[in-house]
Amino acid sequence: MARTRIKNEMLASWEAVDSCLKKIGEIDNKLKKIEADMNDEITRAKAKADDKSKLYLEEKKQLELLIKDYAETNRMDLDGKTKSLTFGSLGFRKSTSIIVKKAKAVLVALRAYGMDDCINVKETVNKEALRQYSDDKIAAVGCVKKVDDVFWYEPDYEKLEQ
């Protein structure tokens with residue numbers, strides 16, 4: 001593959017800048033159209049795959065229910081918790097879950113019973129609040145305030161459509 005050298009061109013006027021903004025807007029519009037077409041194709045492909053797989057999924061669900069019912073009925077035949085067969089294995093395992101009905105009331109009760117280890121507290125730096133402090137205070141806590149003059153542009157899409 002041949003290397004391509006990028007020319008470092010400079011714009012000579014605001015009209016040239018405006019022309020570049022127009023071109024960027026046109027490119028963005030073309031990219032949006034390509035992406036929309038792609039998403040339409042993906043949606044159609046998903047729908048087609050769903051239609052094709054529907055019967056298989058229903059059959060699989062029925063087979064799973066049959067296996068589960070048989071295993072529950074014949075649980076005594078299991079060697080421990082697992083039964084190994086030629087084409088796979090099955091079994092039972094303990095599954096424990098905690099159901100929290102009213103989170104606020106539970107948090108109050110956990111604190112009242114001294115169960116603070118059961119409460120998750122996520123601490124993060126609030127950069128918006130830190131921005132309000134002087135540079136000296138920000139540096140004292142191990143941070144640095146960096147101020148940049150960041151370039152931005154925005155094509156006028158409405159005018160492009162005219």
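For Ile27 and Asp148, what does the FRET efficiency come to when R0 = 35 Å and r is the distance between their Cβ atoms, rounded to the nearest 0.05? Before the final figure, lay out each step's value.
Working: r = 26 Å, r/R0 = 0.75.
The value I calculate is 0.85.
In whole percent, how big is the carbon plus sulfur part of the accessible area of the chain, probe 1.4 Å, protein atoms only?
Details: 9170 of 16630 Å².
Answer for the chain is 55 percent, counting heavy atoms of protein chains only.
Give me the distance in nm between label points sitting 7 Å out from Cα along the Cα-to-Cβ direction at Asn74 and Thr43, one decimal.
Modelled inter-label distance: 4.9 nm.
Could you state the angle between the C-alpha long axis of helix 14-73 and the longest principal axis of the C-alpha atoms of the chain, as a value from 0 to 90 degrees rounded to the nearest 10?
Value to nearest ten degrees: 0.
Among (i) 1.52; (ii) 2.07; (iii) 1.42, find the value of Cα Rg over 2.2 N^0.38 Å that was calculated from the structure presented, and write down its label.
(ii)
May I ask you to evaluate 6.51 cos²θ - 1.76 cosθ + 1.60, the Karplus curve with θ = phi - 60°, for each residue of region 117-130 and list the ³J(HN,Hα) values in order in whole Hz, giving x for glycine and proline?
Karplus values, whole Hz, x for Gly and Pro: 5, 9, 10, 8, 10, 9, 9, 9, 7, 8, 5, 5, 5, 5.
Kindly report, to the nearest 10 Å², the accessible surface of Arg131 as traced by a 1.4 Å probe over protein heavy atoms only.
140 Å²
Give me, ordered by chain and number, the residues 5 or more places off Lys83 or on other chains with an amide H under 5 Å from its own placed amide H.
Close amide H contacts, sequence-distant or interchain: Leu90, Gly91.
Find the eigenvalues of the gyration tensor of the Cα atoms of region 91-162, then list the square roots of 5 times those eigenvalues as equivalent ellipsoid semi-axes, largest first, in whole angstrom. Working shown, then result.
Values: eigenvalues 421, 162, 38 Å².
After diagonalising the Cα gyration tensor, the semi-axes are 46, 28, 14 Å.
Pairs of lysines 8 or more apart, or on different chains, with alpha carbons under 22 Å: count those in region 78-162, would you?
Lysine pairs meeting the criterion: 10.
Please list, ordered by chain and number, the residues whose modelled amide H lies under 5 Å from the amide H of Leu78; skip anything fewer than 5 residues away on the same chain.
HN-HN under 5 Å from Leu78: empty list.
For a quick check of understanding: with a 1.4 angstrom probe and all protein chains in place, what accessible area in square angstrom does Ile27 have, to the nearest ten?
Answer for Ile27: close to 80 Å² accessible.
Using Cα positions and a limit of under 24 Å, work out the lysines in reach of Lys52, with same-chain residues fewer than 8 apart set aside.
Candidates past the 8-residue exclusion: Lys60, Lys61.
So what is the 222 nm mean residue ellipticity for the chain from helices alone, if each DSSP H run of at least 4 adds -39500 (n - 2.57) and you divide by all residues, rounding to the nearest 500 deg cm²/dmol?
Numbers: 5 runs with 84 residues, N = 162.
My calculation for the chain gives -17500 deg cm²/dmol from helical runs alone.
With point charges of +1 on the Cβ of Lys and Arg and -1 on the Cβ of Asp and Glu, referenced to the Cα centre of the chain, which listed residue (Leu11, Leu57, Trp152) lies farthest in the positive direction of the dipole?
Of the candidates, Leu57 comes out farthest on the positive side.
Considering only protein heavy atoms, what per residue accessible area in square angstrom results for region 1-129 with a 1.4 angstrom probe?
Values: 13160 Å² over 129 residues.
Accessible area per residue, region 1-129: 102 Å².
The values are calculated or read from the model by the stated rules, or taken from the named source; none is laboratory data. Since we're looking at a predicted model, the values are computed, not measured. Don't worry about glycine lacking a Cβ; one is built from the backbone with ideal geometry, like all the others, and counts go over all protein chains shown. Accessible surface areas use protein heavy atoms only, side chains included; no ligands, DNA or RNA. Shrake-Rupley method; radii C 1.70, N 1.55, O 1.52, S 1.80 Å.
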